[in-house]
Amino acid sequence: MNAVSESEAPRTLLGVVAVVGYPNVGKSTLVNRLTSSRHTVVDETPGVTRDRNEVVCEWGRDAFVLVDTGGVDAGDDSSMQAQVAAQAREAVEEADLVLLVIDARAGLAAGDEEIAQILRRSRRPVLVVANKVDDSAHEQAALELHALGLGDPVSVSALHGRGTGDLLDQVVERLREVGGEHERVDADELRVAILGRPNVGKSSLLNAILGRPRVIVSDTPGTTRDAIDTVFQRGQTRFRLIDTAGLRRKRRHRQGIEYYSEVRALQAADRADIALVLVDSSDGVVDGDLSVADAARKAGCATLVVVSKWDITATTVETAAGRLAGKLRQRPAIVTTSALTGRNIDRLLDSVEQLFVSYTSRVGTGELNRAMADIRALREPPRSGRRRLNMLYATQYRTRPPRFRIVVSDRKLVTRDYAYFVENQLRSRLGLEGCPVIIDFRSRS
């Protein structure tokens, strides 16, 4: 679709569009095609999408929110399908327009009729999308969808892009008729990624923060597959909470759904300000938790360790802190929580806001150079032969994360060990625990 630069991006959204349908009809492929992204995980296996996944779609000078949903199958009485269907119903209730996606080549199925009945009762405007119409030879199959009584179907091929421009034109036209505009305020959000190993309670924590079942929770590892964004207002702070799939230590040989789910989780860390690294208190701190924290550090996130399931554990904060001591480079704080009882949820959010203040802070040049003088006095800089490193002055030139430039006599004299020492001293003296501290050593010109 048309690319729009950040400065030209629409400041208002025309509304919210829910994408619903039977399993494996191409909903996620259509969302990815309309948004020119790979935001949602796509696979030939039915039932890949489970939670609601919201993505902003831009078309020309207009923009709206697309909500991908899991496939609804009334014939499946499993608890997982019940939660998927509940998520889809909530998406429809919150939408200004609904796209009912149907596999035109497979023809109308009983499941399509049942979903159409649900949409009629919702009284939401509906556009029927006949998907997998890859060429004109398949147009006849789309005509059968008139039988639903929901208006003329729009023929598209999500895989090849055929007809998607016409579909977007109709979506924009219908949204303008509905008049559901609201302000777009992405830039003012505090972005928080919830990271952790599989089944440590990430989705349960998100639901506890929101006070409602926004994402599906199950004892089965790997329930969450996409990175799910949810906007949440608390006082004057607007959060964008990102629930993610579980990360495992050894990712080299991942394939299929699991591989792409983990890619989405790492991408969520890349766009977050703060990562909540969840540790299952019943397991204690394991190597996989340290690997997750290191992934957050590499993404440039400030980090807060959240020990979950505190209501069912006999371990202590001191035990967890002892395991983490010296293992995590950013020296993050630890907060214990229970999603089941709601324990310390407010304290956790307070800690996130405080950490964000540090993450976005700027240190005065005078204060910074006084700290540098103390660091030099604490440990003598390294030397090579008769030449000793001399740190001349320092400045902070970037925030989010904090980034410093230290001008030295000769960059080649900076050892790895001494660079880590300076980093840790600055983090401690400037109140940047939990934050990445990036230092660029520059030789005096």
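Could you tell me what percent of the accessible area of region 115-200 is made up of carbon and sulfur, with a 1.4 Å probe and every protein chain present? Intermediate results must be reported in sequence, preceding the final value.
Values: 1870 of 4170 Å².
The C+S portion of the solvent-accessible surface of region 115-200 is 45 percent.
How much length, in nm to one decimal, is gained on full extension between residue 399 and residue 321, taken as 0.36 nm per residue of separation minus their Cα-Cα distance? Each step should come with its number before you reach the end.
Values: separation 78, 0.36 × 78 = 28.08 nm, distance 2.78 nm.
Gain in length upon complete extension: 25.3 nm.
Once fully extended, how much extra length lies between residue 108 and residue 120, figured as 0.36 nm per residue of separation less the alpha-carbon to alpha-carbon distance?
Values: separation 12, 0.36 × 12 = 4.32 nm, distance 1.68 nm.
Here the answer is 2.6 nm.
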Could you estimate the translational diffusion coefficient of region 387-445 from the Stokes-Einstein equation, with Rh from the Kirkwood formula over C-alpha pairs, at 20 °C and 1.002 mPa s, in whole µm²/s? 181
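For residue 169 and residue 212, what is the calculated FRET efficiency with R₀ set at 41 Å and r taken between the beta-carbons, to the nearest 0.05?
0.75
Provide the FRET efficiency to the nearest 0.05 for the residue 139-residue 282 pair, computing r from the beta carbons and using R0 = 60 Å. Can you show the working numbers first?
Working: r = 57 Å, r/R0 = 0.94.
With a Förster radius of 60 Å, E is 0.60.
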State in Å² the accessible area per residue of region 81-202; use a 1.4 Å probe, count heavy atoms of protein chains only, and round to the nearest integer. 45
Apply the Karplus parameterisation 6.51 cos²θ - 1.76 cosθ + 1.60, with θ equal to phi minus 60°, to every residue of region 431-436 and state each ³J(HN,Hα) to the nearest whole Hz, in sequence, with x for glycine and proline. x, 10, 4, x, 9, x
Taking 0.36 nm per residue of sequence separation and subtracting the Cα-Cα distance, how much length would be gained by fully extending the chain between residue 152 and residue 354, in nm to one decimal? 67.4 nm
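Could you tell me whether region 308-445 comes out rounded, prolate or oblate from its Cα gyration tensor? Rule is a ≥ b ≥ c as square roots of the eigenvalues, rounded for a/c under 1.5, then prolate if a/b exceeds b/c, otherwise oblate.
Judged from the Cα gyration tensor, region 308-445 comes out prolate (a/c at least 1.5, a/b above b/c).
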Integer Hz, Karplus 6.51/-1.76/1.60 couplings in order for region 191-202, x for Gly and Pro: 8, 10, 9, 9, 10, x, 5, x, 6, 9, x, 5
Mean shadow of region 68-206, computed from the convex hull of its alpha carbons, in nm²? 11.2
Collect residues whose amide H, placed 1.01 Å from N in the peptide plane, falls under 5 Å from the amide H of residue 190; neighbours closer than 5 in sequence don't count. 238, 239, 240
In order through region 420-430: 3J(HN,Hα) via Karplus (6.51 cos²θ - 1.76 cosθ + 1.60), integer Hz, x for Gly, Pro: 5, 4, 4, 4, 5, 5, 5, 4, 5, 6, 9
Using Cα positions and a limit of under 26 Å, work out the lysines in reach of residue 27, with same-chain residues fewer than 8 apart set aside. 132, 202
With all protein chains present and a 1.4 Å probe, the order of 136, 282, 361 from largest accessible area down is 136, 282, 361
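Please give the per residue accessible area of region 292-380, computed with a probe of 1.4 Å over protein heavy atoms only, in Å².
Value returned for region 292-380: 50 Å² of accessible area per residue.
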Set of aspartates and glutamates with alpha-carbon distance to residue 327 below 12 Å, sequence-local pairs under 8 removed: 287, 289, 294
Order 438, 406 by their accessible area, 1.4 angstrom probe, all chains in place, largest first. 438, 406
The set of residues whose placed amide H lies less than 5 Å from the amide H of residue 393, leaving out same-chain residues fewer than 5 positions away, is 407
The simple spin-label model distance between residue 94 and residue 236, using points 7 Å out along Cα→Cβ, in nm, is 2.6
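The values are calculated or read from the model by the stated rules, or taken from the named source; none is laboratory data. Small disclaimer: the values here were computed from a predicted structure and weren't measured. Note: ideal-geometry Cβ built from the backbone for every residue, glycine included; neighbour counts use all protein chains shown. For accessibility, only protein heavy atoms count, side chains too; no ligands or nucleic acids. Shrake-Rupley method; radii C 1.70, N 1.55, O 1.52, S 1.80 Å.
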